[in-house]
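Written out below as structure tokens is the structure these notes cover.
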Amino acid sequence: MKLTSNFSLSELTKSQTAERHGISNQPTEEHTENLRLLCENVLQPVRDQFGPVMISSGYRSEILSEKI
């Protein structure tokens, strides 16, 4: 799912820790909407202005946060 022209939901939710431990890192609809707003209002303008930026952790579920 594309959140903006250069950011996808999968980019913001990818987690090697979640994959290793079989933890779901799927956001709720409310969290997905908040991620879309973050991308539209912050991340996409930064990328447009400065070029590629690496997002290493855009979203972590509560269980994943506890594990990390």
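The values are calculated or read from the model by the stated rules, or taken from the named source; none is laboratory data. It should be emphasised that the depicted structure is a prediction, and the values quoted were computed from it without experimental measurement. Reconstructed Cβ throughout: ideal geometry from the backbone, glycine too, with neighbour counts over all protein chains shown. Only protein heavy atoms, including side chains, enter the accessible area calculation; ligands, DNA and RNA are left aside. Shrake-Rupley method; radii C 1.70, N 1.55, O 1.52, S 1.80 Å.
Laid out as a table, the results:
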quantity: Which listed residue, of Leu43, Leu9, is aliphatic (A, V, I, L, M) and out of contact with any helix residue (DSSP H, G or I) (no Cβ under 8 Å at 6 or more places or on another chain); calculated: Leu43
quantity: Identity of the residue in the range 27-50, in a helix (DSSP H, G or I) and of a type in the set (S, T, N, Q), that ends up most open to solvent (accessible area, probe 1.4 Å); calculated: Gln49
quantity: Of all residues making up the range 52-68, the number that are open to solvent by 100 Å² or more (accessible area, probe 1.4 Å), over 12 Å from His21 (Cβ atoms) and of a type in the set (A, V, I, L, M); calculated: 1
quantity: Residue count for the range 11-23, restricted to those that are surrounded by 11 or more Cβ atoms within 10 Å (Cβ to Cβ) and either without any contact (Cβ under 8 Å) to a residue 40 or more places away in the chain or in a helix (DSSP H, G or I) (or both); calculated: 7
